Amino acid sequence: MAARPIALVAGLGNPGPEYAETRHNAGFHFVERLAGSAPFRHEPRFEGDVARANVAGHELWLLKPTTFMNHSGSAVGKLARFYKITPAEILVVHDELDLVPGTARLKQGGGAGGHNGLTDIIAQLGGPDFARLRLGIGRPAPGGDVAAWVLKRASAADRALLEDSISAVLAQMEQIVRGDHAKVMNVLHTHTR
């Protein structure tokens, strides 16, 4: 069964040039690639930077919350409520420690998995019934500081793997936007670099 068509793609990250190239900003990087030449503009009422994109004949809102990662839900909730976008029409794109770089996974609903940005979005939307695109960033070495890991720039090799996974997802965006998530999962979950 197909999911609802997507109306909002929210990429998670932290605002400011000091965070721009960090692992935690994989979601921002994804929506910037999806936007292409469409400009982002700051919208204070939505606490984020927004752009419009057309994929498969569907007009999408693209959002980069400027509230910092742990408070992403405020921006997502405000834009969704204003434009009457249901959780089932939202795709949230975020970094994922439990996936190796170069890996992307799509899923509908579920818990936050320890990701504070997702926890806040679930609270603001009143439930977990939105799609998630998880972009692998890997974990630090055993005993390494996770907070420091996500807030550091990835190696050139890991950045190349992230770019590859984003390209693989962008090639499937028409199906994602239309709600053909099962087909996309089959492709992405078998994708290897």
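Filter the range 132-144 for residues that are out of contact with any Lys or Arg (no Cβ under 7 Å at 6 or more places or on another chain) and either of a type in the set (A, V, I, L, M) or exposed (fewer than 11 other Cβ atoms within 10 Å of the Cβ) (or both) and give the result.
As a first pass, look at the range 132-144 and keep what is out of contact with any Lys or Arg (no Cβ under 7 Å at 6 or more places or on another chain): 133, 135-136, 138-144.
Correct list: Leu133, Leu135, Ala141, Pro142, Gly143, Gly144.
Could you please tell me which pairs satisfy a Cβ distance under 7 Å, a separation of 6+ or placement on different chains, a first residue in the range 171-185 that is at positive phi, and a second residue that is not β-branched (Val, Ile, Thr)?
Gly179/Ala2; Gly179/Ala3; Gly179/Arg4; Gly179/Pro5
Kindly evaluate Val9 against the criterion of being assigned to a strand (DSSP E or B), touching a residue at least 60 places away in the same chain (Cβ under 8 Å) and closer than 28 Å to Gly144 by Cβ. Even if it seems obvious, please write down each step before you answer.
On the way: assigned to a strand (DSSP E or B): yes; touching a residue at least 60 places away in the same chain (Cβ under 8 Å): yes; closer than 28 Å to Gly144 by Cβ: no.
The answer is no for Val9.
Please give the number of the condition Asp158 fails out of (1) under 17 Å from Phe28 (Cβ atoms); (2) within 16 Å of the chain's Cα centre (by Cα).
Result: Asp158 fails condition (2) only.
Which residue out of Ala3, Ala35, Ala20, Ala10 is under 27 Å from Asp180 (Cα atoms) and either at pLDDT below 95 or β-branched (Val, Ile, Thr) (or both)? Don't jump to the end; show me each part of the working.
Numbers: Ala35 fails: either at pLDDT below 95 or β-branched (Val, Ile, Thr) (or both); Ala20 fails: under 27 Å from Asp180 (Cα atoms); Ala10 fails: either at pLDDT below 95 or β-branched (Val, Ile, Thr) (or both).
Step by step, each of Ala3, Ala35, Ala20, Ala10 is checked, and only Ala3 is under 27 Å from Asp180 (Cα atoms) and either at pLDDT below 95 or β-branched (Val, Ile, Thr) (or both).
Identify all residues within the range 167-190 that are touching a strand residue (DSSP E or B) at 6+ places or on another chain (Cβ under 7 Å), surrounded by 14 or more Cβ atoms within 10 Å (Cβ to Cβ) and farther than 18 Å from Ala56 by Cα; write none if there are none.
Met185, Leu188 - these are the residues of the range 167-190 that are touching a strand residue (DSSP E or B) at 6+ places or on another chain (Cβ under 7 Å), surrounded by 14 or more Cβ atoms within 10 Å (Cβ to Cβ) and farther than 18 Å from Ala56 by Cα.
Name the residues in the range 82-99 that are free of Cβ contacts under 8 Å to residues at least 40 places away in the same chain and more than 13 Å from Ala26 (Cβ to Cβ), would you?
Hits for the range 82-99 are Phe82, Lys84.
Could you say whether any residue in the range 52-64 is at pLDDT below 95, over 16 Å from Ile121 (Cβ atoms), among the β-branched types (Val, Ile, Thr) and surrounded by 14 or more Cβ atoms within 10 Å (Cβ to Cβ)?
Yes, because at least one residue in the range 52-64 is at pLDDT below 95, over 16 Å from Ile121 (Cβ atoms), among the β-branched types (Val, Ile, Thr) and surrounded by 14 or more Cβ atoms within 10 Å (Cβ to Cβ).
Name the one entry in Gly117, Gly109 that is modelled with pLDDT under 95 and buried (at least 19 other Cβ atoms within 10 Å of the Cβ).
Working: Gly109 fails: buried (at least 19 other Cβ atoms within 10 Å of the Cβ).
After ruling out the rest, the residue left standing is Gly117.
Residues that are within 23 Å of His42 (Cα to Cα) and touching a Pro at 6+ places or on another chain (Cβ under 7 Å), at least 2 per element: which helices (runs of 4 or more DSSP H) completely within the range 64-166 meet that?
72-82
Among residues belonging to the range 80-96 that are aliphatic (A, V, I, L, M) and surrounded by fewer than 23 Cβ atoms within 10 Å (Cβ to Cβ), point out the one that is nearest to Pro128 (Cα to Cα).
The extreme case among them is Ala88.
The values are calculated or read from the model by the stated rules, or taken from the named source; none is laboratory data. Because the structure is predicted, anything quoted here is derived from the model rather than measured. Here the Cβ is made from the backbone with ideal geometry for all residues, glycine too, and neighbour counts use every protein chain on show.
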